[in-house]
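A quick write-up on the structure given underneath.
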Amino acid sequence: MKKIFIHGSGHKSASWNETIKYMECCQDILCPDLSSILNGKEADYYNLYSSFTEYCGKIDGQISLCGISLGGILALNYALDFPGKVRSLVLIGTPHKIPKVMFSIQNIIFRFIPKSIFENMAFGKKDTFILGNSMKKLDFSNRVQKLNCPTLIICGEKDSANMKSAHYFTENIKNAKEEIIENTGHVVNEENPKALAKILDAFYYESPASYLR
């Protein structure tokens, strides 16, 4: 079964390399580059989600999704829309709804960041603004209760912006378990790849039945 690891908006697919290197259960992992699957379309959320849906639809059989931040939002959205396609779900540092105040502050900061800095991010400066503005109304609060697949919620101990959402997911998704990684911030896959790899291995090796209740 294919596992799809989806990166966040501030990073590229290579951000998973260290985590995968430490994993024992590293077969059949795909790491799509979000800017590439857009195929030249404008980088708003709806185009991105549509492109991600097409990407997943081309894979035979069920898939396991693992996403961080924006990648987690895409994974969650897809799991809700295509429950029969998703075997398991991992959400890392993922909000259950977009924090509008935080996004507004982030956009102000981004305006003063040189374009060159965005070269190491998933999207350029212009596209990052377009994406952020198109996501402001996203809210999965009243839908996550419908998820039935085994779900793992991961959050860095220092990721205060997403800790509340991590607890919300754990309380409202029927088959969810939560892991908090100590001394780690938001970008778990780069800040603490060894700890993340260990948690993911345990999740993928563990009998799915143990997550169903």
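Applying the criterion of being closer than 23 Å to SER160 by Cβ, in contact with a Ser or Thr (Cβ under 7 Å, 6 or more places away or on another chain) and part of a helix (DSSP H, G or I) to the residues of the range 91-130, the residue that is modelled with the highest pLDDT is THR128. Go through the range 56-83 residue by residue and tally those that are within 19 Å of THR94 (Cα to Cα), of a type in the set (A, V, I, L, M, F, W, C) and in a helix (DSSP H, G or I). Residues in the range 56-83 being within 19 Å of THR94 (Cα to Cα), of a type in the set (A, V, I, L, M, F, W, C) and in a helix (DSSP H, G or I): 7 in total. Restricting attention to the range 7-55, the residues that are assigned to a loop (DSSP other than H, G, I, E, B) and not hydrophobic (A, V, I, L, M, F, W, C) add up to 16.
Of the residues making up the range 147-172, those that are open to solvent by 80 Å² or more (accessible area, probe 1.4 Å) and either farther than 19 Å from SER64 by Cα or assigned to a helix (DSSP H, G or I) (or both) are GLU157, LYS158, SER160, LYS164, GLU171.
State all residues of the range 45-68 that are closer than 15 Å to THR128 by Cβ and open to solvent by less than 30 Å² (accessible area, probe 1.4 Å); if no residue qualifies, say none.
TYR45, LEU48
The values are calculated or read from the model by the stated rules, or taken from the named source; none is laboratory data. What you are looking at is a predicted structure, and each value in this text was computed from that prediction instead of being measured. With ideal geometry, Cβ positions are generated from the backbone for all residues, glycine too; neighbour counts draw on all protein chains shown. The protein model used for the area step is the full one, side chains on, heavy atoms only, and it has no ligands, DNA or RNA in it. Shrake-Rupley method; radii C 1.70, N 1.55, O 1.52, S 1.80 Å.
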